[in-house]
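The values are calculated or read from the model by the stated rules, or taken from the named source; none is laboratory data. A quick note: this is a predicted structure, and the numbers were derived from the prediction, not measured. Heads up, the Cβs are rebuilt from the backbone with ideal geometry, glycines too, and the neighbour counts pull from every protein chain shown. Heavy atoms of the whole protein, side chains included, go into the accessibility calculation; ligands, DNA and RNA do not. Shrake-Rupley method; radii C 1.70, N 1.55, O 1.52, S 1.80 Å.
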Amino acid sequence: MQAGLVLSNLGKTFNRELLFKQLTAEFTPRSATAVTGRNGSGKSTLLKIIAGLQLPSEGHATLEIDNKVVPTEQHYQYLSFAAPYIELIEEYTLQEMLTFYFKLKPLSPTVSIEQLPELFLLPKAKHKEIRSFSSGMKQRVKLGLAFYTETPLLLLDEPTSHLDEEGKKWFQKNLSAIQNQRTIIIASNEEEEIESCTKRIHITDYTH
């Protein structure tokens, strides 16, 4: 599957404050785009609108899978979304979390669930509860789930938050492995997170 995305005159007002307006952009299949802008400028909100988790105040986000338009309420079926604020089920062990998650989403055919703890750099944490994980371990789980889900659209919000140097290298390795296979949108101001993106959208260009 291939994912294309068109944002048409998109705008969002939150608590009577304008975040952005008249944002128009096109994301072609298997492209990598960075969304930049100061903290609080609406980068995370834009990703949530694309994911169908929030509605825009004006305009619309149109997702096309293999050139067929997908209703907003079905966007989630075709995307993976990793962000520091997305919650994991803390009571589950890592193994339980993986089993639960991949009943809902398709696992990449290149791996098995049994391989994932090691691929997440968590080989000894398989039977540990998520609540006992450090913030960096939790972020690797969130990113790993997104990387190894078979979806054509990948949304990443500040992906290396809480990661140490080993974790950042792990992130770059996994991102490079899928770079030409999925449509990727990364919200970040960190150059090392977005250096591979061929297009950039500065969200602050759409605040006036």
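Note on the chain: dipole from Cβ charges, positive end direction compared against 41, 85, 104; the farthest Cα belongs to 104. Could you pull out every residue, at least 5 positions away or on a different chain, whose amide H is within less than 5 Å of the one on residue 34? Hs are placed 1.01 Å off N in the peptide plane, and Pro or chain starts have none. Sorted by chain and number, the residues that satisfy this are 186, 199, 200, 201.
For the stretch 1-43, the dipole from Cβ point charges (+1 on Lys and Arg, -1 on Asp and Glu) about the Cα centre works out to 120 debye, to the nearest 20.
Spin-label model, residue 177 to residue 164: label points 7 Å out along the Cα-to-beta-carbon direction sit 2.1 nm apart.
Could you give the size of the charge dipole of the stretch 10-132 about its Cα centre, using +1 on the Cβ of each K and R and -1 on the Cβ of each D and E, expressed in debye and rounded to the nearest 20?
Computed charge dipole of the stretch 10-132: roughly 300 debye.
Keeping the other protein chains in place, figure out the carbon and sulfur percent of the accessible area of the stretch 14-118, with a 1.4 Å probe.
49
Average accessible surface for the stretch 2-64: 48 Å² per residue, computed with a 1.4 Å probe over protein heavy atoms with every protein chain in place.
Helix 94-104 and the longest principal axis of the C-alpha atoms of the chain enclose an angle of approximately 50°.
Compared with the dominant principal axis of the Cα atoms in the chain, helix 165-178 is inclined by about 70°. For the chain, build the charge dipole from Cβ charges (+1 Lys, Arg; -1 Asp, Glu) around the Cα centre, then report which of 201, 54, 178 sits farthest towards its positive end. Farthest towards the positive pole: 54. Rounded to whole numbers, the Karplus 3J(HN,Hα) couplings from phi for the stretch 43-60 are 4, 5, 4, 4, 4, 5, 5, 4, 6, x, 7, 9, 9, x, 6, 7, x, 7 Hz, using 6.51 cos²θ - 1.76 cosθ + 1.60 with θ = phi - 60°, and x at Gly and Pro.
Simple spin-label estimate for residue 150 and residue 14 gives 3.5 nm between the two label positions (7 Å along the Cα-to-Cβ direction from each Cα). Rounded to the nearest 10 degrees, the angle from helix 135-147 to the longest Cα principal axis of the chain is 70 degrees.
How large is the helix-only mean residue ellipticity at 222 nm for the chain, computed as the sum of -39500 (n - 2.57) over DSSP H runs with n ≥ 4, divided by its residue count, in deg cm²/dmol to the nearest 500?
-7500 deg cm²/dmol
Taking the Cα centre of the chain as origin and assigning +1 to Lys and Arg Cβ atoms and -1 to Asp and Glu Cβ atoms, the resulting dipole is close to 120 debye.
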